[in-house]
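One structure is given here, and the rest of the page talks about it.
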Amino acid sequence: MKRFWYSLLIAALGLNLSAGAWIYLANAETAQKEDVYGNLELFTRALERVRRDWVDGENLSYQQLIHNALRGMISDLDPHSEFLDAPKSGELKEDMEGTFGGVGMVLGPRDDVLTVIAPMEDTPAFKAGIMAGDEIIRIDGRSTERLGISEAVRLLRGAPGTDVEVTTRRPSTGEVRDVKLTRAVIKVDTVKDLENGREFPLLEAGIGYVRITQFGEHTAGELDDALRKLEK
């Protein structure tokens, strides 16, 4: 009988020790995850190792490395989150305000080539005869072969009255030409009608069509204006 109680006591102590060890390890793992200074130390060691040992590390700045790390951290949260550095933040602000200094081209990739999706009416690009489908192969002498859309937009935008030279190629004819464009204030309408304008005529059966292309600071006012035109 004593042996039974002794065995039972040993088993209980073993279970208690196992449970205690599991709780200790779980708490230790949680503490490690929440240890801000310890994890920052790990980040700093990795930062220094990359800067010191990477083959081209001397050409990397601390700002570049940290911004890259921030982009990865934020983009990993969900598909809609993004880290914005100062230039991108400025571009977003301009887009939201609906006006900026530029040449008036909507760009996009086509077969990995920077291509004009559409020139905006009454803008420098439109007046210079740049057409949808034209390929932009150089901006101020810089090749666009490995240039991203955001970087190309940054090069084309600037203070109104300043010049930028673009080299275009028209696939239908093979014509290559250099075009000097003087930047102007570009206003982006975010509410348009079926014809991509701002007239908003009634269609058949008294149906009105209003299209919101993007959201900005003036979208609500533009929508009110469109509805008033439809009511008239």
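The values are calculated or read from the model by the stated rules, or taken from the named source; none is laboratory data. None of these values were measured; they are calculated from a predicted model. Heads up, the Cβs are rebuilt from the backbone with ideal geometry, glycines too, and the neighbour counts pull from every protein chain shown. Ligands, DNA and RNA are stripped out before the accessible areas are found, and what is left, the full protein with its side chains, is counted by its heavy atoms. Shrake-Rupley method; radii C 1.70, N 1.55, O 1.52, S 1.80 Å.
The S75 and A159 beta-carbon pair, evaluated with R₀ = 35 Å, returns a calculated FRET efficiency of approximately 0.65. Net charge of the neighbourhood of R110, taken over other residues with C-beta under 11 Å away and scored Lys/Arg +1, Asp/Glu -1, is -4. Got a number for carbon plus sulfur as a percent of the stretch 70-207's accessible area, 1.4 Å probe? That fraction is 52 percent. Too long at a 32 Å Cα-Cα cut-off: which of K180/K229; K88/K192; K88/K229? Checking Cα-Cα distances, K180/K229; K88/K229 exceed 32 Å. Taking all protein chains into account, the per residue accessible area for the stretch 117-173 stands at 56 Å² (1.4 Å probe). A Förster radius of 35 Å, combined with the Cβ-Cβ distance separating T44 from R146, puts the computed FRET efficiency at roughly 0.65.
Each label point was placed 7 Å from the Cα along the Cα-to-Cβ direction; for H67 and V55 their separation is 2.4 nm. The gain in end-to-end length when the V113 to E199 segment is fully stretched comes to 27.5 nm, 0.36 nm per residue minus the alpha carbon separation.
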